[in-house]
Every structure is written in C-alpha cells, then in structure tokens.
Amino acid sequence: MSNTFHALAAFARLGWRETASDRFGLLARVILYSLPVLIYSAIWQATPLAGSGVSAEEATWYVMATEAIIFAPGYVFREVEEDIRTGAIEAALTRPVDYALARIAEETGGTLLRLAVLGTYGGVLAWFATGMVPFAWSALPAVWTAAGLGTLLALLVQVAIGFLTVWVGNPAPAYWIWQKLVFEI
C-alpha cells in the first residue's frame, strides 16, 4: 500500500511539474477563462437580475467559481482516448500501478495547479469586476475545499468518458453531452 501511495504521489508531482512548465498553455487557459467571467459580469451589470434574488455581483462570483472548476481539468478524456487508440495503454497496464489510478493521480497534480491559478486569478478578476467579495473570509477554506472536490469530480467524469473509447470509438459526443449538462446545472 505504501509503495502504491508513493508511486501515485510521484505521478501527481509529475503532473504538477508538466503543467508548471507549460506556461504558455496556462496563460492561454487564464485568458480564455477570463472571457465568460467578464462577459457575464458586464451583461449582469447592464441588465440586473430582477426578481431572481441574486445580485449581479453574486452571479459574477458564481460564474468565476464554476468556470474555474470546469476549466481546471482541461480535456483529460482526450489523453485517455489517445492512449487507447495508440495502444500506449497496453504498456501502462503492465506497470505495478493501475493505469486509471496513475492517470488520475497525474492529472490531479496538474489540475490542482491550474485550479490554484484560475481560482486566485478569478478571485482577483471577480473582485475587480464587482468591487466586492460575497462571502466572509472565514468561509474561504470551505470554498476551496468545495472547489477542489468539484474539480476532482469533473476530472473523474472525464477519465470515465475517455474509457468510453473502448466501446464507442470516439468519446467526444459523450463529453459534449456531459459538458452541456454541467452548463445547465
């Protein structure tokens, strides 16, 4: 058990380092992430959400948090799909660490870094756009915990969608359906 934990921790560190070294990719993700936050904020400032019980500022912070959770994992399903299509999964299955656990651990490392960057940047961006923070600072650990768990769930769903390649050949339509369901919730 201890050896498996150390191996998974090494995979997580690898994912973190790979993400940290891809500065251009991280910057592009931050810029793309900024668009929905700023666009929705501007729309809600121009057309108040009358009767909804939610202020434009609260809605902006909501979009900032949910978009960070969705943007952080990236497109993990494509990497799993590629491993299955190219046969790279066959070599990975001979390793002493389960392929799915190793992939999840590696992606968790990179995803946590992206979530930290997007969450911090998004908080500053939402504060700049709204001029307020809609929660008490004492709630920040709970907010980060909820964001981390939500991101982990999104990551696990994407890995499962990637494994659909075995049965359906192209998991992209399943990802599109999941993406639309997440958008609607």
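Among the residues of region 131-171, how many are of a type in the set (S, T, N, Q), more than 25 Å from Tyr62 (Cβ to Cβ) and in contact with a helix residue (DSSP H, G or I) (Cβ under 6 Å, 6 or more places away or on another chain)?
Number of matching residues: 1.
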> So which residues in region 81-106 are β-branched (Val, Ile, Thr), modelled with pLDDT of 85 or more and over 16 Å from the mean Cα position of the chain (by Cα), if there are any at all?
Replying inline: Ile84, Thr86, Ile89, Val97
> Any chance region 172-182 includes a residue that's in a helix (DSSP H, G or I), open to solvent by less than 70 Å² (accessible area, probe 1.4 Å) and under 13 Å from Trp61 (Cα atoms)?
Replying inline: no
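Considering only region 31-43, I want to know if a residue exists there that is over 23 Å from the mean Cα position of the chain (by Cα) and open to solvent by 50 Å² or more (accessible area, probe 1.4 Å). Lay out the reasoning, then the answer.
Within region 31-43, the first condition is being over 23 Å from the mean Cα position of the chain (by Cα), and the residues that meet it are 42-43.
Now narrow it down to the ones that are open to solvent by 50 Å² or more (accessible area, probe 1.4 Å): 42-43.
The answer is yes; a qualifying residue exists.
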> Taking Gly109, is it in contact with a helix residue (DSSP H, G or I) (Cβ under 8 Å, 6 or more places away or on another chain), closer than 29 Å to Ala126 by Cβ and at pLDDT below 85?
Replying inline: no
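Kindly provide the set of residues from region 70-117 that are polar (S, T, N, Q), within 24 Å of Ala20 (Cβ to Cβ) and free of Cβ contacts under 8 Å to residues at least 24 places away in the same chain, ordered by number.
Selection gives nothing.
The values are calculated or read from the model by the stated rules, or taken from the named source; none is laboratory data. Nothing here was measured: the structure is a model prediction, and the numbers come from that model. Using ideal geometry, Cβ is built from the backbone for each residue, glycine included, and neighbour counts are taken over all protein chains shown. Please note that ligands, DNA and RNA were not included when accessible areas were found on the heavy atoms of the full protein model with its side chains. Shrake-Rupley method; radii C 1.70, N 1.55, O 1.52, S 1.80 Å.
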